[in-house]
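Taking it in order: structure first as structure tokens, then the write-up.
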Amino acid sequence: MDITRQILRLNYAGLPIGWITYQTAVKLYCNDQVTYECGNSSLLIRGGSNRTSGLQSKILINSIVATKNYSKISYSDYIPPLTNTTLFKRDASTCLYCGETYTLKSLSRDHITPLSRGGQDNWMNTVTACKRCNNHKGDNTLEQSGMALLAVPFIPSRIEYLILRGRTILADQMDFLLSHVPKTSRIRKRYTSRMKNV
């Protein structure tokens, strides 16, 4: 059993709302909170044995489950929390100054307009930078440093953020998530091109 497996949780209307652990999914199934399933894959969870019959309890959990009580979630005004992990994933672990791809430990968060010059710590003012480019830019603006961005920063939508937050996303989960992301999305383009190359 893959204990790191994430289950994609939907609201009653079928819109993705988050990742849950298989333990949370078991509770939802046992409390009759799962209204329907959408995934093609499942996870078999084995429990304890019945004292009198000796039979072991089992529950089959789908990779995508819709649940009760989560029908009203805002998708349009949602701004996801900014973390280095999701920022680096948004930018595909690529320095937006030199264009090279790096491992996570070689990356840093750069503020396009430095905080000391009134810049904000938000999605639109931060990009992924290698440590060399970040040190070179220092506490300067783009103009002062003579550097240019290779891509414009953007705020991920709620569903794009779920893709960025997913640890190991199964094929059926990724297909479902991408079907809810606009065709113009950079994240959609990145993942659909990866899936074609597999």
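Quick notes on this one:
- Filter on Lys68/Lys189; Lys137/Lys189; Lys89/Lys131; Lys105/Lys189; Lys89/Lys137 - keep pairs with C-alpha separation over 20 Å: Lys68/Lys189; Lys137/Lys189; Lys105/Lys189; Lys89/Lys137
- Sites listed here are chymotrypsin sites (Phe, Trp or Tyr not before Pro) in region 137-194 whose DSSP assignment is loop and whose Cβ has at most 15 other Cβ atoms within 10 Å: Phe154.
- Pairwise FRET efficiency - Thr85 versus Glu143, Cβ, R0 = 45 Å, nearest 0.05: 0.90
- A straight chain from Ser42 to Arg132 at 0.36 nm per residue would run longer than the Cα-Cα distance by 28.0 nm.
- Placed amide H near Ile17: partners under 5 Å, 5+ positions off or other chain: Arg9, Leu10, Asn11
- Rolled with a 1.4 Å probe across the full set of protein chains, the surface gives Ser53 an accessible area near 70 Å².
- Test item: Cα-centred dipole of region 35-147, Lys/Arg +1 and Asp/Glu -1 on Cβ, debye: 600 debye
- With all protein chains in place and a 1.4 Å probe, the accessible surface of region 81-198 carries 53 percent carbon and sulfur.
- Region 30-89: trypsin sites (Lys or Arg not before Pro) in DSSP loop, at most 14 other beta carbons within 10 Å: Arg51, Lys68, Lys72
- Dipole magnitude (debye, nearest 20) for the chain, charges at Cβ of Lys, Arg, Asp, Glu: 360 debye
- Karplus-derived 3J(HN,Hα) values for region 119-135, using 6.51 cos²θ - 1.76 cosθ + 1.60 with θ = phi - 60°, are x, 9, 8, 9, 4, 7, 10, 10, 9, 7, 9, 6, 5, 5, 5, 5, 5 Hz; glycine and proline are entered as x.
The values are calculated or read from the model by the stated rules, or taken from the named source; none is laboratory data. Quantities reported herein were computed from a predicted structural model and do not represent experimental measurements. Please note: Cβ atoms are built from the backbone with ideal geometry, for glycine as well, and neighbour counts cover all protein chains shown. Accessible surface areas use protein heavy atoms only, side chains included; no ligands, DNA or RNA. Shrake-Rupley method; radii C 1.70, N 1.55, O 1.52, S 1.80 Å.
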